[in-house]
1. Go through segment 5-46 and give me each residue that's part of a helix (DSSP H, G or I), open to solvent by 50 Å² or more (accessible area, probe 1.4 Å) and either within 19 Å of LEU74 (Cβ to Cβ) or modelled with pLDDT under 70 (or both).
2. Which of the residues spanning segment 47-56 are surrounded by 13 or more Cβ atoms within 10 Å (Cβ to Cβ) and over 21 Å from the mean Cα position of the chain (by Cα)?
3. Where residues in segment 57-104 are modelled with pLDDT under 75 and of a type in the set (Phe, Trp, Tyr), which of them is surrounded by the fewest Cβ atoms within 10 Å (Cβ to Cβ)?
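The values are calculated or read from the model by the stated rules, or taken from the named source; none is laboratory data. The structure displayed is predicted, hence computed values, not measured ones. Note that each Cβ is placed from the backbone with ideal geometry, even for glycine, and that neighbours are counted across all protein chains shown. SASA here: full protein model, heavy atoms, side chains in, ligands and nucleic acids out. Shrake-Rupley method; radii C 1.70, N 1.55, O 1.52, S 1.80 Å.
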Amino acid sequence: MFLMSPRSSLRSTYYVVAILLLPLVALWRHDDPLFSPLWQSDPWFYLGYFRDLVNFKRDLFPGLYYGSRLSWILPGWLAHRILPPLFANAVLHLGVHTVATVSLF
């Protein structure tokens, strides 16, 4: 069994806290990191999939490649099902940022 010393445990705690604070640094440093520029159409397609997944996949855009990105669409759909839209957007973007940072670390 691998046991960590108190010193290495404290250092690991600092690393975890630093990683979890990175989204706050991104929000503090940039004006609008959670929102895409107005001239981009991609976020609007994804918002459509988040709000009405079955209709977009089956009827509106059955062969569109945006619909194949299920690793982004399904968490977005779930977030928009259980949370208000603005809060779902924030949770989705900050959650993906945190998961990517932890995975990289």
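1. Hits for segment 5-46 are PRO6, ARG7, ASP42, TRP44, PHE45.
2. Of all residues in segment 47-56, those surrounded by 13 or more Cβ atoms within 10 Å (Cβ to Cβ) come to 47-53, 56.
Result: no residue meets the conditions.
3. TYR65
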